[in-house]
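The values are calculated or read from the model by the stated rules, or taken from the named source; none is laboratory data. Quick caveat: nothing in here was measured; it's all calculated off a predicted structure. Virtual Cβ from ideal backbone geometry, glycine too; neighbours counted across all protein chains shown. For accessibility, only protein heavy atoms count, side chains too; no ligands or nucleic acids. Shrake-Rupley method; radii C 1.70, N 1.55, O 1.52, S 1.80 Å.
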Amino acid sequence: IRARVIAAAPAARRERVHAFVATLADAYFLNTPEDLIAGDAELRERLDEEGAGQPPIAMHVSHHPERDFSEVSICGRDRPGFFAMCSGVLAASGMNILSARITTTSDGVALDAFRISHESLDAEEDEARWELLDRTMRRVLAGEDQVENLVARRRGSGRYARAGKGGPAAVQIHNEDSTRHTVIEVYASDRVGLLFLITSTLAHLGIEIHVAKITTLVDQVLDIFYVTDGDGRKIEGAAAEDRVRAAILEALAPPPAVPPSAPQAAV
(Lines give C-alpha, C1' and ligand atoms only; values in the text may rest on other atoms or scores of the structure.)
Protein backbone atom coordinates (compact mmCIF):
# COMPACT_ATOMS: atom_id res chain seq x y z
CA ILE A 1 0.00 0.00 0.00
CA ARG A 2 2.84 2.38 0.83
CA ALA A 3 4.45 1.73 -2.54
CA ARG A 4 1.21 2.22 -4.46
CA VAL A 5 0.42 5.51 -2.69
CA ILE A 6 3.89 6.90 -3.43
CA ALA A 7 3.80 5.73 -7.04
CA ALA A 8 0.37 7.30 -7.60
CA ALA A 9 1.44 10.73 -6.32
CA PRO A 10 2.18 13.46 -8.90
CA ALA A 11 5.91 13.79 -9.57
CA ALA A 12 6.02 17.26 -8.01
CA ARG A 13 4.58 15.94 -4.72
CA ARG A 14 6.08 12.47 -4.62
CA GLU A 15 8.92 13.37 -2.24
CA ARG A 16 6.49 14.97 0.24
CA VAL A 17 4.10 12.01 0.02
CA HIS A 18 7.02 9.66 0.62
CA ALA A 19 7.98 11.65 3.73
CA PHE A 20 4.38 11.56 4.99
CA VAL A 21 4.03 7.82 4.44
CA ALA A 22 7.27 7.23 6.36
CA THR A 23 5.75 8.76 9.52
CA LEU A 24 2.81 6.33 9.63
CA ALA A 25 2.58 3.01 11.44
CA ASP A 26 1.38 -0.17 9.73
CA ALA A 27 -1.97 0.06 11.52
CA TYR A 28 -2.80 3.25 9.62
CA PHE A 29 -2.60 1.47 6.26
CA LEU A 30 -4.65 -1.46 7.54
CA ASN A 31 -7.43 0.78 8.90
CA THR A 32 -7.59 3.56 6.27
CA PRO A 33 -9.24 3.09 2.85
CA GLU A 34 -6.46 3.39 0.29
CA ASP A 35 -8.28 6.01 -1.76
CA LEU A 36 -8.29 8.38 1.25
CA ILE A 37 -4.55 8.32 1.96
CA ALA A 38 -3.66 10.88 -0.71
CA GLY A 39 -6.16 13.30 0.85
CA ASP A 40 -4.56 12.76 4.26
CA ALA A 41 -1.16 13.57 2.75
CA GLU A 42 -2.56 16.83 1.38
CA LEU A 43 -4.01 17.68 4.80
CA ARG A 44 -0.57 17.20 6.36
CA GLU A 45 0.95 19.52 3.76
CA ARG A 46 -1.68 22.15 4.50
CA LEU A 47 -0.87 21.88 8.20
CA ASP A 48 2.82 22.50 7.50
CA GLU A 49 1.94 25.49 5.28
CA GLU A 50 -0.04 27.13 8.11
CA GLY A 51 3.24 27.52 9.99
CA ALA A 52 2.72 30.18 12.65
CA GLY A 53 -1.00 29.56 13.12
CA GLN A 54 -1.95 29.34 16.80
CA PRO A 55 -2.33 26.45 16.76
CA PRO A 56 -2.02 25.30 13.16
CA ILE A 57 -4.87 23.08 12.03
CA ALA A 58 -6.07 21.74 8.70
CA MET A 59 -9.59 20.43 8.17
CA HIS A 60 -11.33 18.84 5.20
CA VAL A 61 -15.00 17.91 4.74
CA SER A 62 -16.30 15.52 2.10
CA HIS A 63 -19.96 14.64 1.54
CA HIS A 64 -21.29 11.21 0.62
CA PRO A 65 -25.07 11.57 0.15
CA GLU A 66 -25.36 8.13 -1.43
CA ARG A 67 -24.18 6.64 1.88
CA ASP A 68 -25.90 9.23 4.09
CA PHE A 69 -22.81 10.60 5.82
CA SER A 70 -20.17 13.33 5.63
CA GLU A 71 -16.55 12.83 6.65
CA VAL A 72 -14.60 15.44 8.61
CA SER A 73 -10.81 15.05 8.71
CA ILE A 74 -8.81 17.13 11.18
CA CYS A 75 -5.04 17.42 11.25
CA GLY A 76 -3.09 19.17 14.02
CA ARG A 77 -0.25 18.84 16.49
CA ASP A 78 -1.12 16.03 18.88
CA ARG A 79 -1.62 16.69 22.58
CA PRO A 80 -3.40 14.97 25.47
CA GLY A 81 -7.15 15.13 24.85
CA PHE A 82 -6.91 16.14 21.16
CA PHE A 83 -9.36 13.42 20.08
CA ALA A 84 -11.77 14.34 22.88
CA MET A 85 -11.65 18.04 21.96
CA CYS A 86 -12.41 17.30 18.31
CA SER A 87 -15.30 14.95 19.13
CA GLY A 88 -16.61 17.50 21.65
CA VAL A 89 -16.72 20.31 19.09
CA LEU A 90 -18.62 18.03 16.72
CA ALA A 91 -21.07 17.11 19.48
CA ALA A 92 -21.53 20.76 20.45
CA SER A 93 -22.36 21.41 16.79
CA GLY A 94 -25.12 18.79 16.96
CA MET A 95 -23.31 16.26 14.78
CA ASN A 96 -23.68 12.54 15.47
CA ILE A 97 -20.47 10.53 14.93
CA LEU A 98 -20.95 7.17 13.22
CA SER A 99 -17.30 6.12 13.15
CA ALA A 100 -13.83 7.52 13.67
CA ARG A 101 -10.25 6.81 12.65
CA ILE A 102 -7.38 8.26 14.68
CA THR A 103 -3.71 8.31 13.80
CA THR A 104 -0.66 9.92 15.34
CA THR A 105 2.42 10.21 13.12
CA SER A 106 5.92 9.47 14.39
CA ASP A 107 6.63 13.23 14.45
CA GLY A 108 3.64 14.04 16.67
CA VAL A 109 0.84 15.01 14.29
CA ALA A 110 -2.71 13.84 14.95
CA LEU A 111 -4.91 12.92 12.01
CA ASP A 112 -8.47 12.22 13.12
CA ALA A 113 -11.34 11.44 10.74
CA PHE A 114 -15.02 11.34 11.75
CA ARG A 115 -18.03 10.11 9.78
CA ILE A 116 -21.07 12.26 10.57
CA SER A 117 -24.61 10.98 10.10
CA HIS A 118 -26.71 13.08 7.75
CA GLU A 119 -29.62 12.49 10.12
CA SER A 120 -27.96 14.98 12.47
CA LEU A 121 -27.48 17.59 9.74
CA ASP A 122 -30.06 19.98 8.38
CA ALA A 123 -28.15 20.27 5.13
CA GLU A 124 -24.86 18.44 4.74
CA GLU A 125 -23.64 20.93 2.13
CA ASP A 126 -24.39 24.06 4.16
CA GLU A 127 -20.98 25.73 3.79
CA ALA A 128 -21.67 28.30 6.51
CA ARG A 129 -22.14 25.52 9.05
CA TRP A 130 -18.87 23.83 8.13
CA GLU A 131 -17.01 27.16 8.18
CA LEU A 132 -18.37 27.76 11.69
CA LEU A 133 -17.17 24.30 12.69
CA ASP A 134 -13.67 25.15 11.44
CA ARG A 135 -13.59 28.42 13.41
CA THR A 136 -14.90 26.74 16.55
CA MET A 137 -12.32 23.95 16.29
CA ARG A 138 -9.54 26.52 16.01
CA ARG A 139 -10.78 28.47 19.05
CA VAL A 140 -10.94 25.33 21.18
CA LEU A 141 -7.51 24.08 20.15
CA ALA A 142 -6.06 27.56 20.74
CA GLY A 143 -7.53 27.61 24.26
CA GLU A 144 -9.82 30.54 23.47
CA ASP A 145 -12.89 28.48 24.36
CA GLN A 146 -13.41 25.37 26.45
CA VAL A 147 -15.02 22.40 24.76
CA GLU A 148 -16.81 21.50 28.01
CA ASN A 149 -18.54 24.91 27.92
CA LEU A 150 -19.66 24.39 24.33
CA VAL A 151 -21.03 20.93 25.11
CA ALA A 152 -22.76 22.17 28.27
CA ARG A 153 -24.60 24.81 26.24
CA ARG A 154 -25.71 22.11 23.82
CA ARG A 155 -26.68 19.59 26.50
CA GLY A 156 -30.35 19.54 27.37
CA SER A 157 -31.46 20.58 23.90
CA GLY A 158 -32.34 18.48 20.88
CA ARG A 159 -30.85 15.04 20.26
CA TYR A 160 -27.87 15.58 22.52
CA ALA A 161 -29.99 14.96 25.61
CA ARG A 162 -31.74 11.85 24.36
CA ALA A 163 -30.12 8.44 24.56
CA GLY A 164 -31.42 5.52 22.55
CA LYS A 165 -33.91 2.93 23.75
CA GLY A 166 -31.40 0.21 24.57
CA GLY A 167 -30.40 -0.98 28.00
CA PRO A 168 -27.83 0.56 30.32
CA ALA A 169 -24.26 1.07 29.17
CA ALA A 170 -21.66 -1.64 29.77
CA VAL A 171 -17.87 -1.43 29.92
CA GLN A 172 -15.42 -4.30 29.50
CA ILE A 173 -11.66 -3.98 30.01
CA HIS A 174 -9.16 -6.48 28.59
CA ASN A 175 -5.41 -6.72 29.03
CA GLU A 176 -4.95 -10.02 27.20
CA ASP A 177 -6.00 -8.86 23.71
CA SER A 178 -2.98 -6.66 23.01
CA THR A 179 0.67 -6.87 23.99
CA ARG A 180 1.05 -3.09 24.31
CA HIS A 181 -2.38 -1.68 25.10
CA THR A 182 -5.33 -2.10 27.39
CA VAL A 183 -8.52 -2.60 25.37
CA ILE A 184 -11.67 -0.85 26.60
CA GLU A 185 -15.02 -1.83 25.07
CA VAL A 186 -18.04 0.41 25.67
CA TYR A 187 -21.56 -0.72 24.73
CA ALA A 188 -24.21 2.02 24.84
CA SER A 189 -27.27 3.50 23.18
CA ASP A 190 -26.37 5.95 20.46
CA ARG A 191 -26.77 9.68 20.94
CA VAL A 192 -25.13 12.90 19.85
CA GLY A 193 -22.17 13.54 22.17
CA LEU A 194 -21.62 9.92 23.22
CA LEU A 195 -18.06 9.72 21.90
CA PHE A 196 -17.15 12.98 23.65
CA LEU A 197 -18.48 11.73 26.98
CA ILE A 198 -16.28 8.65 26.75
CA THR A 199 -13.12 10.26 25.38
CA SER A 200 -13.24 13.27 27.71
CA THR A 201 -13.61 10.90 30.67
CA LEU A 202 -10.53 8.98 29.55
CA ALA A 203 -8.61 12.24 29.01
CA HIS A 204 -9.45 13.45 32.52
CA LEU A 205 -8.16 10.13 33.87
CA GLY A 206 -4.84 10.74 32.10
CA ILE A 207 -5.45 7.87 29.68
CA GLU A 208 -4.09 8.13 26.14
CA ILE A 209 -6.09 6.69 23.23
CA HIS A 210 -3.91 5.11 20.53
CA VAL A 211 -6.60 3.41 18.42
CA ALA A 212 -10.36 3.91 18.35
CA LYS A 213 -12.88 1.69 16.58
CA ILE A 214 -16.35 3.21 16.56
CA THR A 215 -19.23 1.05 15.35
CA THR A 216 -22.86 2.17 15.13
CA LEU A 217 -25.61 -0.36 14.46
CA VAL A 218 -29.04 1.28 14.25
CA ASP A 219 -29.27 2.90 17.70
CA GLN A 220 -26.59 0.86 19.46
CA VAL A 221 -22.87 1.65 19.62
CA LEU A 222 -19.78 -0.44 20.30
CA ASP A 223 -16.75 1.78 20.89
CA ILE A 224 -13.38 0.08 21.31
CA PHE A 225 -10.30 1.95 22.51
CA TYR A 226 -6.70 0.77 22.67
CA VAL A 227 -5.20 2.82 25.49
CA THR A 228 -2.29 3.29 27.88
CA ASP A 229 -1.70 5.48 30.89
CA GLY A 230 0.30 8.70 30.57
CA ASP A 231 3.56 6.75 30.88
CA GLY A 232 2.69 4.40 28.03
CA ARG A 233 1.85 1.44 30.27
CA LYS A 234 -1.19 -0.78 30.40
CA ILE A 235 -3.92 -0.05 32.93
CA GLU A 236 -3.58 -3.12 35.09
CA GLY A 237 -4.92 -4.22 38.43
CA ALA A 238 -8.47 -4.62 39.64
CA ALA A 239 -8.54 -1.25 41.40
CA ALA A 240 -7.33 0.68 38.34
CA GLU A 241 -9.75 -1.14 36.03
CA ASP A 242 -12.66 -0.56 38.40
CA ARG A 243 -11.82 3.16 38.56
CA VAL A 244 -11.89 3.49 34.77
CA ARG A 245 -15.06 1.43 34.42
CA ALA A 246 -16.89 3.40 37.10
CA ALA A 247 -15.87 6.75 35.61
CA ILE A 248 -17.17 5.83 32.15
CA LEU A 249 -20.45 4.45 33.47
CA GLU A 250 -20.96 7.56 35.58
CA ALA A 251 -20.39 9.78 32.56
CA LEU A 252 -22.91 7.80 30.49
CA ALA A 253 -25.56 7.50 33.20
CA PRO A 254 -28.80 9.36 32.45
CA PRO A 255 -29.29 12.49 34.56
CA PRO A 256 -31.43 11.99 37.65
CA ALA A 257 -35.11 12.73 37.23
CA VAL A 258 -36.13 16.13 38.49
CA PRO A 259 -38.97 15.74 41.01
CA PRO A 260 -42.03 17.83 40.30
CA SER A 261 -42.12 21.06 42.25
CA ALA A 262 -44.58 21.26 45.12
CA PRO A 263 -47.65 23.37 44.43
CA GLN A 264 -47.48 26.81 45.93
CA ALA A 265 -49.94 27.70 48.62
CA ALA A 266 -52.55 30.25 47.65
CA VAL A 267 -51.94 33.73 48.99
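Would you mind checking the tilt of helix 127-141 against the longest principal axis of the Cα atoms of the chain, expressed as 0 to 90 degrees and rounded to 10?
Rounded to the nearest ten degrees, it is 90.
Is there a quick way to get the dipole size of the range 1-156? I mean about its Cα centre, with the Cβ of Lys and Arg at +1 and of Asp and Glu at -1; what is the value in debye to the nearest 20?
Numbers: 19 positive and 27 negative charges, 88 e Å.
Dipole size: approximately 420 debye.
Per-residue counts of other Cβ atoms within 10 Å, averaged by peptide: what ranking do you get for 140-146, 95-101, highest first?
On the way: 140-146: 14.7, 95-101: 22.3.
Packing proxy ranking, top to bottom: 95-101, 140-146.
Given the Cα-Cα distance of Tyr187 and Arg243 and 0.36 nm per residue of separation, how much length would full extension add, in nm?
Extra length available between Tyr187 and Arg243 comes to 18.4 nm.
For Asp68 paired with Glu127, estimate the spin-label separation in nm (one decimal), with each label point 7 Å from Cα along the Cα-to-Cβ line.
It is 2.8 nm.
Please state the relative contact order of the chain as a whole percent: Cα pairs under 8 Å, 6+ residues apart? Each step should come with its number before you reach the end.
Details: 429 pairs, mean separation 41.9, N = 267.
Averaging sequence separation for qualifying contacts and normalising by length gives 16 percent for the chain.
What figure, in Å² to the nearest 10, do you get for the accessible area of Arg115 with a 1.4 Å probe and non-protein molecules left out?
60 Å²
Which log10 I(q)/I(0) values does the chain give at q = 0.10, 0.17 Å⁻¹ under the Debye formula, counting every alpha carbon as one identical point scatterer?
-0.54, -1.46
Quote the Stokes-Einstein diffusion coefficient, in whole µm² s⁻¹, for the range 3-126, based on the Kirkwood radius over alpha carbon pairs, a temperature of 10 °C and a viscosity of 1.306 mPa s.
Numbers: Rh = 15.3 Å.
Translational D for this selection: 104 µm²/s.
Tell me, in nm to one decimal, what length is gained between Asp231 and Glu250 on full extension, where the rule is 0.36 nm per residue of separation less the Cα-Cα distance? Could the numbers behind the result be given before it?
On the way: separation 19, 0.36 × 19 = 6.84 nm, distance 2.50 nm.
Between Asp231 and Glu250, full extension yields 4.3 nm more.
Any chance you could look up the accessible area of Ser93 with a 1.4 Å probe, heavy atoms only, rounded to 10 Å²?
Here the residue's solvent-accessible area equals roughly 30 Å².
Excluding ligands and nucleic acids, what accessible area in Å² is computed for Tyr187 using a 1.4 Å probe, to the nearest 10?
About 80 Å², ignoring ligands and nucleic acids.
Test of understanding: in a Gaussian network model of the chain with alpha carbons linked when under 10 Å, which of Ala12, Ala110, Ala38 would top the mean-square fluctuation ranking?
Ala12
Let me check something: with ligands and nucleic acids excluded, how do Lys234, Lys213 order by accessible area (1.4 Å probe), largest to smallest?
Working: Lys234 45, Lys213 90 Å².
Ranked from most to least accessible, the order is Lys213, Lys234.
Between Rg and the Kirkwood Rh of the range 189-234, both from Cα atoms, what is the Rg to Rh ratio? Intermediate results must be reported in sequence, preceding the final value.
Working: Rg = 11.6 Å, Rh = 11.3 Å.
Rounded to two decimals, Rg over Rh is 1.03.
Place a +1 charge on the Cβ of each Lys and Arg in the chain and a -1 charge on the Cβ of each Asp and Glu, then give the dipole magnitude about the Cα centre in debye, rounded to the nearest 20. Provide the component values of the computation, followed by the final result.
Working: 29 positive and 40 negative charges, 76 e Å.
Magnitude of the dipole: close to 360 debye.
For the range 12-62, taking Cα atoms only, what is the radius of gyration to one decimal and the Dmax to the nearest whole Å?
Rg and Dmax of the range 12-62, Cα atoms, are 11.8, 33 Å.
Rounded to the nearest 0.05, what FRET efficiency do Ile1 and Asp107 give with R0 = 25 Å and r taken as the Cβ-Cβ distance? Could you check?
On the way: r = 20 Å, r/R0 = 0.80.
The computed FRET efficiency comes out at 0.80.
Just grab the label-to-label distance for Glu176 and Leu36, each label 7 Å out from Cα along the Cβ direction, in nm (one decimal).
3.2 nm
State whether the range 56-153 is rounded, prolate or oblate according to the following rule on the C-alpha gyration tensor (a ≥ b ≥ c being the square roots of its eigenvalues): a/c under 1.5 gives rounded; otherwise a/b larger than b/c gives prolate, and the remaining case gives oblate. Kindly include the intermediate steps, with their values, before the conclusion.
Values: a/c = 1.82, a/b = 1.28, b/c = 1.42.
Verdict is oblate for the range 56-153.
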